[in-house]
Amino acid sequence: MFITPLIAAPMAGGTTTTELALAAQGAGAFAFAAGGYKTADQLAAHIAPLRATGLDFGVNLFVPRDAPLSARGVAALSAYRTSLRSTAQRYGAQLPAVAPDKDKVQDYWTEKMALLLADPVPLVSFTFGLASNEVVASLHKVGTRVAASVTNVAEALAAGATGVDALIVQHAGAGGHTAAFLPSKATPPDASGTLAQLVAAIGAAVSLPLVGAGGVSGPSDAKAALAAGAVAVAIGTALIRTDESGARQLHKDALADPFYNETAMTRSFTGKPARALVNEFVREHTACAPEAYPEVHFLTAPLRSAAAAAQDPRAVNLWAGIGWKSAQSGPAAAVVGSFLHEL
Ligand SMILES: Cc1cc2nc3c(=O)[nH]c(=O)nc-3n(C[C@H](O)[C@H](O)[C@H](O)COP(=O)(O)O)c2cc1C
């Protein structure tokens, strides 16, 4: 299914630009378009140059939450808004008073699925939840292969039952949001154990091609995951600092700044556990952040933008996987090449 052992992971929110995906693809990796947060029109524009290469590529979508926020969730969101006031004031940011509209909460799912069915792509991957058997079957019908992101054996079994063709096995050391969608004893998912061990455990339970992701900082981590049975490995954080990455410069700089010495899983920025460099915002707001994705994402967005505009990384979501210290600047092709050279 993947003719190359290296995948440029989808990174929504601006990091995966079309240029990054094209550069990774050109250097021999399998590239993903990051569909999360985009409207269908934006996604179509993002995909077009990748399609034009004639090479295989994937499109990643967020599976939206199916129920509205509970009354308890609404109350927790409001309390969280209050607790963010002084931080917002520091940056002159206005915290939105109302929750995001339904289209944003659903992440334009209906329109993006319609686009992918009308104008099929080689592969679609999902994260944050499972697409239904019907959705998977409709993609198969138009010739699209489907992958689901999972973080443990229970999720892998549930994903396998939807008829997908492959699993993205994401270890909790991954940068950005966890793909976890089932309640688990370890919430947020626990980063003990290696990616190779997780791949082996899931491989013993499910007979689907597995892509290992999370904390792959260099070729030796990649080789270990491949030896454990993965058909390919995906890298995200390793590409954030590259020239073609659309991450903010202050995010790229933070990844190379020895001031930061740890990452943590935090709901503080978006309401869903995500791994980031530990900065002041993570320290101050993780404990009281509610489980309310994507409402918290839209609540904190103006604050994060204002902090970034002020070149102040203290209140910016500095997504980073546990291997962040190895992330290199320079052309993405060089990073991809340095992995592929050894795989
Ligand atoms: C900035 C950033 C954004 C991400 N956005 C997405 C996304 O849109 N969809 C997705 O499935 N995974 C997303 N991820 C997770 C990656 O696809 C991948 O699983 C992860 O980066 C692998 O771990 P690593 O960062 O340690 O290499 C994101 C990761 C980062 C760092």
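The values are calculated or read from the model by the stated rules, or taken from the named source; none is laboratory data. All values reported here derive from a predicted model rather than from experimental measurement. Please note: Cβ atoms are built from the backbone with ideal geometry, for glycine as well, and neighbour counts cover all protein chains shown. When the accessible area is computed, the model is the full protein with side chains, heavy atoms only, and any ligands, DNA or RNA have been set aside. Shrake-Rupley method; radii C 1.70, N 1.55, O 1.52, S 1.80 Å.
Tabulated data
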quantity	calculated
Positions within the range 238-262 being open to solvent by less than 20 Å² (accessible area, probe 1.4 Å) and polar (S, T, N, Q), in sequence order	Thr242, Ser245
Looking only at the range 139-194, and only at residues there that are at pLDDT below 95 and of a type in the set (D, E, K, R), the one that is nearest to Leu123 (Cα to Cα)	Asp190
Some residue of the range 303-321 being part of a loop (DSSP other than H, G, I, E, B), within 16 Å of the ligand (Cβ to nearest atom) and either open to solvent by 60 Å² or more (accessible area, probe 1.4 Å) or among the hydroxyl-bearing types (Ser, Thr, Tyr) (or both)	no
Checklist (1) closer than 17 Å to Gly73 by Cβ; (2) more than 19 Å from the chain's Cα centre (by Cα) applied to Tyr293, failing item	(2)
Options Phe269, Phe298: the member that is surrounded by 23 or more Cβ atoms within 10 Å (Cβ to Cβ) and not assigned by TED's automatic domain parsing to the domain that holds Ala21	Phe269
Helices (runs of 4 or more DSSP H) wholly inside the range 115-215 containing at least 3 residues that are open to solvent by less than 50 Å² (accessible area, probe 1.4 Å) and among the hydroxyl-bearing types (Ser, Thr, Tyr)	none
Residues satisfying the stated conditions in the range 19-52, i.e. charged (D, E, K, R) and more than 16 Å from the ligand (Cβ to nearest atom)	Asp41, Arg51
Pro294 vs. criteria away from the ligand (no atom under 14 Å from the Cβ) and at pLDDT 95 or above	no
Filter pass, Ala23 being open to solvent by less than 30 Å² (accessible area, probe 1.4 Å), over 17 Å from the mean Cα position of the chain (by Cα), closer than 24 Å to Leu299 by Cβ and at pLDDT 95 or above	no
Condition broken by Tyr260, with the remaining ones in (1) farther than 20 Å from Thr286 by Cβ; (2) more than 12 Å from the ligand (Cβ to nearest atom); (3) part of a loop (DSSP other than H, G, I, E, B); (4) not small (Gly, Ala, Ser) satisfied	(1)
Single residue of Lys272, Lys223 found to be part of a helix (DSSP H, G or I), in contact (Cβ under 8 Å) with a residue 12 or more places away in the chain and among the basic types (Lys, Arg)	Lys223
Subset tally (residues that are more than 9 Å from the ligand (Cβ to nearest atom), of a type outside the set (D, E, K, R) and touching a residue at least 40 places away in the same chain (Cβ under 8 Å)) for the range 226-244	5
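Condition check ((1) more than 16 Å from the ligand (Cβ to nearest atom); (2) more than 23 Å from Ala287 (Cα to Cα)) across all residues:
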| site | (1), (2) |
| --- | --- |
| Gly54 | yes, yes |
| Phe57 | no, yes |
| Arg72 | yes, no |
| Ser86 | yes, no |
| Gln94 | yes, no |
| Ala118 | yes, yes |
| Ser132 | yes, yes |
| His140 | yes, yes |
| Glu155 | no, yes |
